Amino acid sequence: MAYDNRIIEQVQSLNDIVDVISSYIPLKRTGRSLKACCPFHQEKTPSFIVNPERQVFHCFGCGEGGDVLSFVMKYEQLTFPEALKLLADRAHFELPATSFQRSEKSNSGLLYQIYEVAQAFYHSNFMKLSIAEKARAYWKSRGFGEKEAIQFGIGFAQDDWRKLFEHLSQKGFHEEAMVRSGLIAKPSSQKTPYDLFRNRLMFPIRNAQGRVIAFGGRVLADEMPKYLNSPETDIFKKRREFYGLSVAKGTFIGQGSIRQIIIVEGYLDCLQLQVHGFLNTVATLGTALTEDHVRILKRYADEAILVYDGDRAGEQAAVRSLDVFLEEDMSAKAVGLPDALDPDDFLRSKGAEAFHEQLLEAQDIFDFKLNVLLGRFNKLDSSGLLKITGEFLDTLAKIKNQVLLDRYLKKLAGSLGVEERSLKIELEKLKAKKVTRSSNALEVSTRSAASSPILPYEKLILTCLLQNPSYLEKLLEALPTYEFENEQAREFFEILRRQISERAELFSSTHLMNELKDDRLKVFATELLVSELPEGEALEQVFQDCLAKIEQVLLDKELKEIKHRIQQAERDKDLPLVNQLLQDYQGLLEGSRRRKENLKK
Ligand SMILES: [Zn+2]
């Protein structure tokens with residue numbers, strides 16, 4: 001690991017997991033643990049457990065789990081060093097400079113560096129080069145000035161195949177890392193590498209924390225495509241990033257009781273809105289709105305307003321996103337701008353005041369879709385009616401909130417002039433069909449995962465060991481050569497055994513978690529760590545029962561093996577061997593009986 005474990009443990013110990021997680025989501029105490037509805041998947045009954053004693057969390061619904069650092073990484077979408085820094089700052093703890101420099105050697109650290117250097121390079125081109133005049137002219141024609149160019153870090157990629165490549169080489173980056181960043185292309189090992197972006201106006205795309213993770217480039221000549229995004233990398237996933245979020249994120253708070261976020265489609269739309277004072281604006285990056293997107297927005301805002309170009313394509317995009325909002329249970333409105341204008345054109349021709357009025361007219365996204373469909377199909381003829389109800393039943397089937405569902409059903413029945421009851425019947429039919437389909441899928445997935453399931457007693461015994469490391473000795477004494485059946489259990493036990501014997505009374509589950517490099521094993525460990533076991537004598541009993549169970553299993557295996565050999569010897573008519581084996585068989589049974597009696601005493 002690239003960090004000093006002592007520092008990591010210090011930062012962890014200064015940040016109680018319950019304090020940190022409850023600053024993001026409400027936790028409810030149940031017994032020795034705390035519970036919540038999982039922030040990483042959609043659920044109604046809480047299966048997300050936080051264990052304060054062991055400082056871990058685990059979700060039994062989606063299988064996420066980890067310590068305070070993994071929680072912050074996952075929730076805030078940070079890299080490890082960023083999460084460490086956030087938690088250190090939170091506890092007013094100053095991290096030694098070295099632990100950060102070292103971290104930048106990591107995979108994503110290097111990518112961040114390349115993007116930072118490339119952004120500075122493109123931006124300086126834009127500001128200084130005389131050949132950037134056409135880029136500056138275009139920027140000006142969109143209504144922006146130098147101040148905005150600096151504020152948003154706008155750049156210019158020259159009409160040349162090697163400029164960025166040469167610049168990055170001078171800065172000491174290796175070709176392999178440049179290619180991994182996606183900014184340099186190299187189609188095959190023989191070809192020479194070249195710049196992805198040429199003759200384009202460059203928009204840096206930042207993550208929520210403000211670091212450059214990608215670029216969007218707009219053509220300056222009549223080339224295609226008009227907009228080009230840098231490819232997905234370890235630090236850039238289109239389906240979960242927005243343009244403008246780092247600016248917008250701080251602005252949702254304090255806007256009255258409902259925090260709103262405006263969603264548009266293009267960088268220029270987003271910039272124009274932010275420049276006109278609508279700082280709470282983000283743009284998707286050339287993809288439809290995804291569930292990941294909505295889940296991220298829900299952290300910052302209560303309600304989304306989709307502002308789409310007033311043309312058919314824009315309208316269609318808004319209609320499609322309705323389902324995503326319903327599924328993620330986030331309130332949303334939509335507004336289509338008049339005269340097929342996009343937000344950029346609208347603002348420049350009509351101004352901020354007029355735009356604000358448009359926002360006030362935004363419709364609940366359900367009504368928006370209903371109006372769009374009523375405009376497209378005739379509800380008075382049966383094929384039109386079937387088309388509209390068909391579209392909506394699929395949508396309604398996704399609503400989990402009963403109150404909302406009733407409201408929408410009433411509204412739909414009213415505007416279509418049909419019985420609410422009939423809609424309900426159709427909806428139930430559809431849901432029933434879906435359940436059969438998904439339970440079939442479940443069967444398949446459990447069957448394939450069942451190749452080597454963890455046995456309940458193996459799980460229990462590992463949990464006992466974690467909660468009471470002194471049991472290791474007893475386990476090794478009773479079952480010195482036992483091999484766990486389940487592969488993860490086997491791997492985990494090896495690490496656990498080493499840690500317990502090496503660290504003796506210094507053993508801690510926090511330290512153990514930090515030693516686990518494999519995310520799979522980390523999650524495996526958190527599930528054990530949040531499991532509640534009885535204490536004292538009752539725990540001892542659980543442990544002994546597990547040992548007994550394993551002994552029984554091993555004995556059964558051995559007996560079966562001997563039986564098999566007896567049959568073989570009988571077929572071979574080897575009587576002395578048969579006798580010998582029968583004695584062994586009796587001996588094993590007798591030994592086990594005696595051990596059981598001893599235990600009872
Ligand atoms: Zn979950």
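Coordinate-derived values only; no laboratory data. Please read these numbers as outputs of a predicted model, since none were measured by experiment. Cβ sites come from the backbone with ideal geometry, for glycine too, and all protein chains shown count toward neighbours.
Listed values, structure above:
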read-out	value
Dipole-positive endmost among 534, 194, 228 within the chain (Cβ charges, Cα centre)	228
Candidates per trypsin sites (Lys or Arg not before Pro) in the range 104-149, loop by DSSP, up to 13 other Cβ within 10 Å	105
Cβ-placed point charges (K, R +1; D, E -1), dipole of the range 456-600 about Cα centre in debye, nearest 20	380
Contour excess over end-to-end distance, with Cα ends at residue 494 and residue 239 and 0.36 nm allotted per residue	88.0 nm
Tail beyond 23 Å, pair distance distribution of the range 107-236 (Cα, percent)	28
Pair residue 140, residue 596: separation of 7 Å Cα→Cβ label points (nm)	9.4
Dimensionless Rg ratio for the range 456-600, taking C-alpha atoms and the 2.2 N^0.38 Å reference	1.31
Cβ-based charge dipole, the range 5-103, positive-most Cα from 11, 22, 92	22
Share antiparallel - DSSP beta bridges, the range 245-370, percent rounded to 5	15
Positive-end residue, the chain charge dipole about Cα centroid, Cβ charges, pick of 138, 456, 213	138
Derived scalar couplings ³J(HN,Hα) [the range 385-395; Karplus, 6.51 cos²θ - 1.76 cosθ + 1.60; whole Hz; x for Gly, Pro]	4, 5, 4, 5, 5, x, 4, 7, 4, 4, 5
Residue-wise HN-Hα coupling along the range 70-83, computed from phi with Karplus coefficients 6.51, -1.76, 1.60 (Hz; x: Gly, Pro)	5, 4, 5, 4, 5, 6, 8, 6, 10, 7, 4, x, 5, 5
Extended-chain gain in nm, criterion 0.36 nm per residue less alpha-carbon gap, residue 374 and residue 169	68.0 nm
Förster-model FRET efficiency, 56 Å R0, residue 415 and residue 487, C-beta, rounded to 0.05	0.45
Efficiency of FRET between residue 188 and residue 312 - r from beta-carbon atoms, R0 45 angstrom, step 0.05	0.60
Least to most buried among 201, 547 (fewest other Cβ within 10 Å first)	547, 201
Rounded tilt (10° steps) of 312-327 against the dominant C-alpha axis of the chain	30
Cleavage-rule hits (chymotrypsin sites (Phe, Trp or Tyr not before Pro)) in the range 114-194: DSSP loop, at most 16 neighbouring Cβ within 10 angstrom	161
Residue 90 paired with residue 383, simple spin-label distance in nm, labels 7 Å along Cα-to-beta-carbon	5.9
Fewest-first ranking of 422, 321, using other Cβ atoms within 10 Å as the exposure measure	422, 321
For the chain: relative contact order, % (alpha-carbon pairs under 8 angstrom, 6 or more apart)	9
Cα-projected label distance for residue 150 with residue 560, points at 7 Å along beta-carbon direction, nm	7.7
Cα pair distances in the chain, grouped into 10 Å bins until the bin that holds the longest one, percent each	3, 13, 18, 20, 18, 13, 8, 4, 2, 1, 0
Net dipole in debye of the chain [+1 Lys, Arg Cβ; -1 Asp, Glu Cβ; about Cα centre; nearest 20]	620
Rg ratio (alpha-carbon, reference 2.2 N^0.38 Å) - the range 292-380	1.13
Model label zone, residue 535; criterion: amide N under 17 Å from point 7 Å along Cα-to-beta-carbon; scope the range 50-72	51-55
Rounded to 5, the percent of DSSP beta bridges in the chain classed as antiparallel	70
Debye, to nearest 20: dipole size of the range 245-370, +1 on Lys, Arg Cβ, -1 on Asp, Glu Cβ	420
In degrees, nearest ten, helix 536-571 long axis to first principal axis of the chain (Cα)	70
Value of relative contact order over the range 1-152, rounded to a whole percent, pairs C-alpha under 8 Å and six or more apart	17
